[in-house]
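What follows is one structure encoded as structure tokens, with my remarks underneath.
Where a number appears in this text, it was derived from the coordinates with a stated rule and is not lab data. Keep in mind that this is a model prediction, so the values were computed, not measured. Quick reminder, even Gly has a Cβ in these numbers, built from the backbone with ideal geometry, and neighbours come from all protein chains shown.
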């Protein structure tokens, strides 16, 4: 990573990479229920050194990007599953990462919401963000431009789609 072996990074450097260069999106959203949407998204920014105004602006920017500009004061339980996943994506992109690792990001969503989420990932990819998407869903693969099939930790096949 960044022309260095991962094993050569210190714990502090690895923490910085995880916070700044990588965005994580989980199937179960992993939102903190006691925090508002804005507070959930702001969490990765706490370590970035941004001023409170810069952080607030960045949170509003990503909420708008994921189509939820008016949901910042709500709590996760007040949102639909698709909205919660959009908040999780907003949290993943708030630090403007180089890549996103998304583990079954549509697994708990209906087909319409899944399509919206996958379209959002395509938009992010078109903006230069690499998306590493783990899925078992054949329909999700249609949104990808590269497929790597893995079984038992071994690459079985790699295909440009």
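Mind checking the log10 I(q)/I(0) for segment 1-46 at q = 0.13, 0.20, 0.28 Å⁻¹? Debye, one equal scatterer per Cα, no solvent, two decimals. For the requested q values the scattering log ratios are -0.41, -0.77, -1.06.
Have a look at the DSSP beta bridges in segment 6-160 and tell me what percent are antiparallel, nearest 5.
On the way: 6 of 15 bridges.
Around 40 percent of the beta bridges assigned by DSSP in segment 6-160 are antiparallel ones.
Fully extending the segment from residue 134 to residue 73, taken as 0.36 nm per residue of separation minus the present Cα-Cα distance, adds 18.9 nm. Put the Cα centre of segment 71-105 next to the Cα centre of segment 3-50 and the gap is 13 Å.
What Kirkwood hydrodynamic radius do you get for the chain when you take the inverse of the mean 1/r over all pairs of distinct Cα atoms, in Å?
On the way: mean 1/r = 0.0601 Å⁻¹.
16.6 Å is the Kirkwood radius here.
A simple spin-label model places pseudo-atoms 7 Å from Cα toward Cβ; at residue 142 and residue 14 they are separated by 4.0 nm. Using only alpha carbons, segment 46-101 has a radius of gyration to Kirkwood radius ratio (Rg to Rh) of 0.97.
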